[in-house]
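These notes are about the structure you will find just below.
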Amino acid sequence: QVQLVEHGGDSVQPGASLYLSCQASGQIFDIGTMAWYRQAPGTQRELVATVTREHKVRHTEIAKGRFTISRDNGKNTVYLRMDNLKPKEPAVYLCNADIRTTPFNHAVNSWGKGTQVTVSP
């Protein structure tokens, strides 16, 4: 059984910064690409950024210039630093990862339950 648990969500003022983390635990052989998504109420889930095992990153337009994804392979953890948060960005931020539990099986795409980010004056 594999779990992804996010931390770091908070209620902040516009312009503030937050640092989210998501750690995978359980039976883990290998973690491939890790990613952050976000979902606001009544909207579709949006990709924010991805990072490969080799630390190759891709930030979508949502993230460019303000958000930075990174990971620590030794800790099975992915991070998202968010700067200059805007009022339009309140959402649940969810962690996603491709995880292999043994050398013999394929990776399974797994989700965390999310952490809430609220931006208001």
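The values are calculated or read from the model by the stated rules, or taken from the named source; none is laboratory data. Model, not experiment: these values are computed from the prediction. FYI the Cβ positions are ideal-geometry reconstructions off the backbone, even for glycines, and counts take in every protein chain you see. Keep in mind that these areas ignore ligands, DNA and RNA; they rest on the heavy atoms of the full protein, side chains included. Shrake-Rupley method; radii C 1.70, N 1.55, O 1.52, S 1.80 Å.
Potential lengthening of the chain between Val2 and Lys75 amounts to 24.9 nm, from the contour at 0.36 nm per residue minus the alpha-carbon distance.
Each of Val2, Val78 has its accessible area taken with a 1.4 Å probe; listed largest first, they run Val2, Val78.
Take the Cα of Gln39, step 7 Å toward its Cβ, do the same at Val108, and the gap between the two points is 1.9 nm. Pairs over the 23 Å Cα-Cα cut-off, from the set Lys56/Lys86; Lys88/Lys113; Lys64/Lys86: Lys56/Lys86. The Cα-based radius of gyration and maximum Cα-Cα distance (Dmax) for the chain are 14.2, 51 Å. Ala16 to Thr60: FRET efficiency via 1/(1 + (r/R0)^6), r the Cβ-Cβ distance, R0 30 Å, to the nearest 0.05? For Ala16 and Thr60, the calculated efficiency is 0.90. Using the Karplus relation 6.51 cos²θ - 1.76 cosθ + 1.60 with θ = phi - 60°, the per-residue 3J(HN,Hα) values for region 13-18 come to 8, x, x, 6, 10, 9 Hz, with x marking Gly and Pro. Counting only protein heavy atoms and a probe of 1.4 Å, the accessible surface of the chain is 49% carbon and sulfur. Rounded to the nearest 20 debye, the dipole magnitude of the chain is 160 debye, with +1 charges on Lys and Arg beta carbons, -1 on Asp and Glu beta carbons, and the Cα centre as origin.
If you take the charge dipole of the chain about its Cα centre, with +1 on Lys and Arg Cβ and -1 on Asp and Glu Cβ, which of Pro121, Ile31, Val108 is farthest toward its positive end? Checked the options; the winner is Pro121.
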